[in-house]
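I have placed the structure first, in the form of C-alpha cells, so that the comments after it can refer back to it.
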Protein chains: 2
Amino acid sequence: MTFERVRGFRDHYPEDMMPRKKIFKVAEESAESLGFKKVDFPSLEYLDLYRLKSGEELVGQTFSFVDKGGREVTMIPEATPSVVRMITARKDLIKPIRWYSLPKIFRYEEPQAGRYREHYQFNADIFGADSPEADAEIIGLAGMILDGLGLDSRYEIRISSRPLLESILNSVGCRDVPAAFGVIDRFRKIGRDEFFSEMSETGIDNEHTDLLYSMISRTVEPGKIRDVTGGFASPSVDSEISRLQYIGDLVSRMILSPVKVDLSIVRGLAYYTGVVFEAYDVMGKHRAILGGGRYDRLAALMSDQDIPAVGFGMGDAVIELLMKEEGKWFYASEKPLFYVCCTRQESKGYAFAVSREVRSGGGATIDDLSNRGLSAQLRNAAGEKCDYAVIVGEREERSRTATFRNLVSGEQKEIEYGKIGQHVLTLKGVSENKA
Amino acid sequence: MTFERVRGFRDHYPEDMMPRKKIFKVAEESAESLGFKKVDFPSLEYLDLYRLKSGEELVGQTFSFVDKGGREVTMIPEATPSVVRMITARKDLIKPIRWYSLPKIFRYEEPQAGRYREHYQFNADIFGADSPEADAEIIGLAGMILDGLGLDSRYEIRISSRPLLESILNSVGCRDVPAAFGVIDRFRKIGRDEFFSEMSETGIDNEHTDLLYSMISRTVEPGKIRDVTGGFASPSVDSEISRLQYIGDLVSRMILSPVKVDLSIVRGLAYYTGVVFEAYDVMGKHRAILGGGRYDRLAALMSDQDIPAVGFGMGDAVIELLMKEEGKWFYASEKPLFYVCCTRQESKGYAFAVSREVRSGGGATIDDLSNRGLSAQLRNAAGEKCDYAVIVGEREERSRTATFRNLVSGEQKEIEYGKIGQHVLTLKGVSENKA
C-alpha cells in the first residue's frame with residue numbers, strides 16, 4: 001500500500017524547504033525594515049468574497065465546496081480580498097496602514113513548470129495613502145526583496161500607469177477603454193495586424209494606433225517617457241506622466257536594479273486604478289517575477305468605506321527557479337554545527353549536559369542517538385556536514401571535560417565543562433552549504 | 001454589503017500576529033539548534049491517508065470534499081500522516097532523520113475557547129532511531145521551546161510509557177489492554193466507582209485495581225517511579241521502568257522545568273507504542289499544552305517499511321493563552337524605528353535616499369507618505385511608537401545632512417548624509433512594546 005500526493009501539490013524536503021525559508025526571511029525582514037507588520041487570515045473563505053473583485057473566471061479555478069452548513073466556501077485563491085475584508089472590519093486602525101502576509105494560496109489550474117495548485121504568496125499593501133510616495137514604497141519593497149535574495153542582476157522593475165494609458169486613449173477618441181486595455185494586454189500574442197483591427201473597433205484611427213503600437217513596444221527610462229508618449233498630449237496626460245516619472249525616481253533611490261517604464265503593462269485584472277508594475281526577468285526566461293499596482297476602489301466595492309490601496313504579490317515558485325539558475329538555492333546555517341559523540345552508554349547523561357552547554361554558547365548540536373562505536377559516529381558527523389565533533393567518554397566524564405575536534409583540520413582540544421559555552425562562542429560559524 | 005469570516009476561523013491582526021511570530025521563531029530556532037530541518041507538505045491530501053491511522057472519528061471532523069477528479073480530498077487535519085508519507089517515499093534518506101514542520105491544520109469541530117477550526121501546529125519528529133536518547137531529545141525539544149518562550153514557570157513535563165502500562169496490566173491478568181487504556185485515559189472524568197467497575201470488566205480484580213488507581217493518581221519524580229509501581233513486578237515492568245527513568249534523567253538535562261512521571265497519561269490515539277508525554281500547565285488552567293510520544297508502527301502500516309518514530313505536536317492557540325496570562329504576548333522590534341519626516345515636497349527624493357541610508361545602518365524606517373506639516377508628521381511618529389524622527393527639509397538637502405531627533409529625550413543632532421548608516425549603527429535598539 002502506498003499513498004500519493006494530490007496532483008499539482010508539492011512536498012518540500014529539507015533541501016528545498018531550508019532555502020525557501022530564506023525567501024520568506026528576506027521578504028519579511030525587508031517589509032519590517034519599512035515598518036510593515038504581518039497579518040494572517042483564514043485559508044478558507046466564503047466564495048462570494050471573490051465574486052465581486054475577480055469574477056467567475058477565477059471562481060471556476062478555485063478549490064471550492066459546500067460546507068456542512070450549506071454555504072459555498074473555498075480554499076483561498078488570493079490574499080487581497082481577505083486583507084481588505086480585515087481592513088474594512090476595523091474602523092479604529094490608524095492610516096496609512098502597512099501590512100504584509102505570507103499565506104498559501106490555491107488555484108485549480110492545469111499544473112505546469114513553475115505553476116502549482118498550491119503556492120506561498122508574499123503580499124504587501126499600503127492602505128489609506130493615495131500619494132505617489134506610497135506607490136514608490138510598495139514598488140521599492142518588491143525590488144528590495146529581490147536585491148536581498150541576490151537577484152539584482154536578474155531583474156528590472158517595469159512601471160506603467162492605468163490613468164496615463166486611459167488619458168492617452170481618451171485623447172485619441174477611444175470609445176471603449178477597457179477593451180483597449182485588453183488589446184494592449186495581449187499585444188505580444190496577437191501580432192500587429194490583429195492589434196490594428198481590434199484597436200479600430202474601439203474607435204482609434206490607424207495613425208494613432210501606429211503611435212500606440214510604437215509606444216507600448218518600447219521600454220524607456222522614467223526621465224524619457226515623453227520620447228514614447230510624444231504623439232499624445234493633454235493636461236491629464238502631462239500630469240500622469242509627471243506622477244509616473246516621480247514614482248520612478250523615488251523607486252530608483254530604494255533598489256539596486258534599473259527602473260524602466262513599459263506602457264504595455266496593464267495587468268489583467270480590472271481592479272487596478274493607478275500605477276501598475278512588474279519585476280521583469282532580464283534574461284527573458286520567465287514570465288513576470290512579481291507584480292502589483294494601485295487599486296483604490298476595491299474597499300468601496302466591498303464595504304461602505306473608501307480606502308485607497310496599493311500592493312503587490314510574489315509567489316515562491318518563480319523565485320525558486322531564478323535562485324536555482326543563479327546558484328543561490330542553498331542553505332547556510334548561521335550557527336556552527338557540533339556532533340556530540342558518546343563512546344560509553346553510562347556517559348550519555350553527561351553527553352546530554354555537554355550538548356546543552358554547546359547550545360548555550362550558540363552552537364547547534366546533533367546528539368548521537370545510537371550505541372555505535374566512535375568511528376561510526378564520526379562518519380555520521382561527516383554525513384551531517386558538521387563543523388566539529390565533541391567527544392565524550394569515560395575519561396572526559398571523570399575529568400569533567402569534553403574533547404572538541406575540528407572536522408576540517410583534525411585539530412583537537414580538551415575543554416573544561418564550565419568553559420564549553422565560552423569556547424563555542426569563540427569558534428567561528430562555518431558558512432558552508434549544509435542543506 | 002459586508003463580508004464575514006467563516007465561523008471558527010481567525011483573522012490575525014498585527015497586534016496578535018507579530019507576537020505569534022515569536023512562537024514560530026523560538027520553535028524553529030530550538031529545533032534547528034538540535035539539528036532538525038524544516039519540511040512542508042500540501043494543505044490538501046487524499047482522505048484515505050487519515051483512515052488508517054486515525055479512523056472514522058477523525059474523518060468525520062475534517063473539511064473534506066470530492067474534488068473535480070471525483071476523489072475524496074481533505075484540508076489536512078494533522079501533520080504526521082503527510083510527514084510519514086514523505087519519509088516512506090524516499091528510501092535514500094540517511095537515518096536518523098530529524099524533521100520539523102509548521103503547517104496550518106483544520107478540524108471541523110464546534111469552536112470553543114482556545115479551540116479553532118484552523119490553527120498552526122508545530123511538529124517535530126525523529127525517524128529511524130528507537131533509542132531512549134531519541135525519546136529524550138523530542139521531549140527535551142518540547143521543553144526547550146516553552147523555556148525559550150519564557151513559560152518555564154508555567155509548565156512541567158509529564159512522561160508515561162505505554163509498554164510499561166501494558167506490562168503492568170498484563171502482570172495482573174488484564175484480558176483487554178486497549179479497553180483498560182481507555183479507562184485510564186478517562187479516569188479523572190468517570191470517578192472511582194466507575195473506574196473499578198470498568199476495570200473489572202477487563203479482568204482485573206479489585207485489589208489490583210486499587211493499586212492501579214493509586215498509581216495513576218500520583219505524579220512522582222522519575223527516580224521514584226517504584227514508589228507508585230511497587231505493587232507490580234515482572235522483568236518487563238522492571239525494564240520499562242528503567243527506560244522511563246533514564247529518559248526522565250536525560251530530559252532534565254535539557255530543560256529548565258521539572259520532569260515528572262504521570263502514569264495516567266496514555267494519550268487517546270491508538271498508535272502510540274512507547275513513551276508518551278505532555279507539557280502540563282502547573283496552574284491547572286488549561287488542558288495539555290502539547291503532547292506526543294513514540295509511534296513505531298505507523299510507517300509499516302502505511303508502507304512496506306519499518307521505521308521507528310517519536311514526535312510531538314504543539315498548537316499555537318493554547319500557547320497564545322499562556323503567553324497572554326504571563327504578560328509575554330507583545331512584540332519588541334529588534335531594530336530601532338525611525339520616522340522619516342519631510343517638510344518640503346521637492347525634497348522627498350532626498351528623504352527617500354536618507355531613509356535608505358538609515359536602513360543600511362540597521363534601522364527600520366517609516367517614510368511619511370503625506371504632504372502634512374512637520375507637527376502632524378511627528379504626531380504620526382509617536383502613534384507608530386518610533387524611537388527617532390529623522391527630519392529632512394530644504395536646509396538639510398542643501399547641506400546634505402539629516403536631523404535626528406530622539407523622540408524620548410527630545411535631543412537633536414544633525415548628521416552628514418555619508419555618515420547616517422554609521423550613526424544609526426551606534427544608536428541602541430529600544431526594546432519597547434511596539435506591537
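Mind listing the phi-derived Karplus ³J(HN,Hα) values for region A:225-234, rounded to whole Hz, using 6.51, -1.76 and 1.60 with θ = phi - 60°, and x for any glycine or proline?
Values, residue by residue: 3, 5, 4, 9, 9, x, x, 10, 8, 6 Hz.
If each DSSP helix of 4+ residues adds -39,500 (n - 2.57) and the sum is divided by the residues in chain B, what number results at 222 nm, nearest 500 deg cm²/dmol?
-12500 deg cm²/dmol
My understanding is that a pair violates if its Cα-Cα distance is over 22 Å; which of A:Lys104/B:Lys285; A:Lys21/A:Lys95; A:Lys25/B:Lys335; A:Lys25/A:Lys285; A:Lys328/B:Lys38 do that in this structure?
A:Lys104/B:Lys285; A:Lys21/A:Lys95; A:Lys25/A:Lys285
Nearest 10 degrees is fine. How inclined is helix B:235-252 to the longest principal axis of chain B, computing both from alpha carbons?
It works out to around 10 degrees.
Once phi is turned into θ = phi - 60°, what whole-Hz ³J(HN,Hα) does the Karplus curve with 6.51, -1.76 and 1.60 give for every residue of region B:369-381, x standing for Gly and Pro?
9, 10, 10, 6, x, 4, 5, 5, 5, 5, 4, 5, 4
Which value, in square angstrom to the nearest 100, describes the accessible area buried between chains B and A on both sides, using a 1.4 angstrom probe?
Accessible area lost upon association: around 8100 Å².
For chain A, what's the relative contact order in percent, using C-alpha pairs closer than 8 Å and at least 6 residues apart? Spell out each step's value before the answer.
On the way: 760 pairs, mean separation 67.7, N = 435.
Value for chain A: 16 percent.
Note the distances from A:Thr426 to each other copy's matching label point, with points 7 Å along the Cα-to-beta-carbon direction, in nm, sorted shortest first.
3.1
Whose amide H sits under 5 Å from the amide H of A:Phe63, counting only residues 5 or more places off or on another chain, with H placed in the peptide plane?
Excluding prolines and chain starts, which carry no amide H, the hits are A:Met75, A:Tyr108.
If you put a point 7 Å past Cα along the Cβ direction, how far is that point for B:Arg218 from the same point in each other copy, in nm, smallest first?
9.1
Skipping prolines and chain starts, which residues have an amide H placed within reach, meaning under 5 Å, of the one on A:Val6, given they are 5 or more residues away or on another chain?
It is B:Tyr46, by chain and number.
Can you work out the base-10 log of I(q)/I(0) for region B:38-114 at q = 0.14, 0.22 1/Å, using the Debye formula on its C-alpha atoms alone?
Debye output, listed in q order: -0.52, -1.06.
Using modelled amide H (1.01 Å from N, peptide plane; none on Pro or chain starts), what sits under 5 Å from the amide H of A:His12, excluding residues fewer than 5 places away?
Hits under the 5 Å cutoff: B:Asp40, B:Phe41.
Between the label point of B:Ser197 and that of the same position in each other copy, find the distances and list them shortest first in nm, with every label point placed 7 Å from Cα along the Cα-to-C-beta direction.
Copy-to-copy label distances at B:Ser197, shortest first: 8.7 nm.
Using a loss threshold of 50 Å², tell me which positions in region B:34-82 are less accessible in the complex than in their chain alone. Probe radius 1.4 Å, ligands and nucleic acids ignored.
The answer is B:Lys37, B:Lys38, B:Asp40, B:Pro42, B:Ser43, B:Leu44, B:Tyr46, B:Phe65, B:Lys68, B:Met75.
Which aspartates and glutamates, if any, have their Cα less than 16 Å from the Cα of B:Lys385, not counting same-chain residues under 8 positions apart?
A:Glu32, B:Glu15, B:Glu334, B:Asp367, B:Asp368, B:Glu432
What residue among A:Asp193, A:Asp147, A:Asp238 shows peak mean-square fluctuation when chain A is described by a Gaussian network model with Cα springs under 10 Å?
In this elastic network of chain A, the residue with the biggest mean-square fluctuation among A:Asp193, A:Asp147, A:Asp238 is A:Asp193.
Return the chain B residue and its Cβ-to-axis distance, rounded to the nearest Å, for the rotation relating B to A.
Nearest-to-axis residue on chain B, with distance in whole Å, is B:Phe65, 2.
Could you derive backbone 3J(HN,Hα) for region B:171-188 from the dihedral phi with the Karplus parameters 6.51, -1.76 and 1.60 (θ = phi - 60°), listing whole Hz in sequence and x where the residue is Gly or Pro?
Karplus values, whole Hz, x for Gly and Pro: 5, 10, x, 5, 9, 9, 4, x, 5, 5, 4, x, 5, 4, 4, 9, 5, 6.
Explain nothing, just the number: relative contact order of region A:274-428, from Cα pairs under 8 Å at least 6 residues apart, as a whole percent.
18 percent
The values are calculated or read from the model by the stated rules, or taken from the named source; none is laboratory data. Fair warning: this is a prediction, and the values are worked out from it, not measured in the lab. Ideal geometry is used to build each Cβ from the backbone, glycine not excepted, and the neighbour counts take in all protein chains shown. Each accessible area value is taken on the protein alone, full model and side chains, heavy atoms only, with ligands, DNA and RNA left out. Shrake-Rupley method; radii C 1.70, N 1.55, O 1.52, S 1.80 Å.
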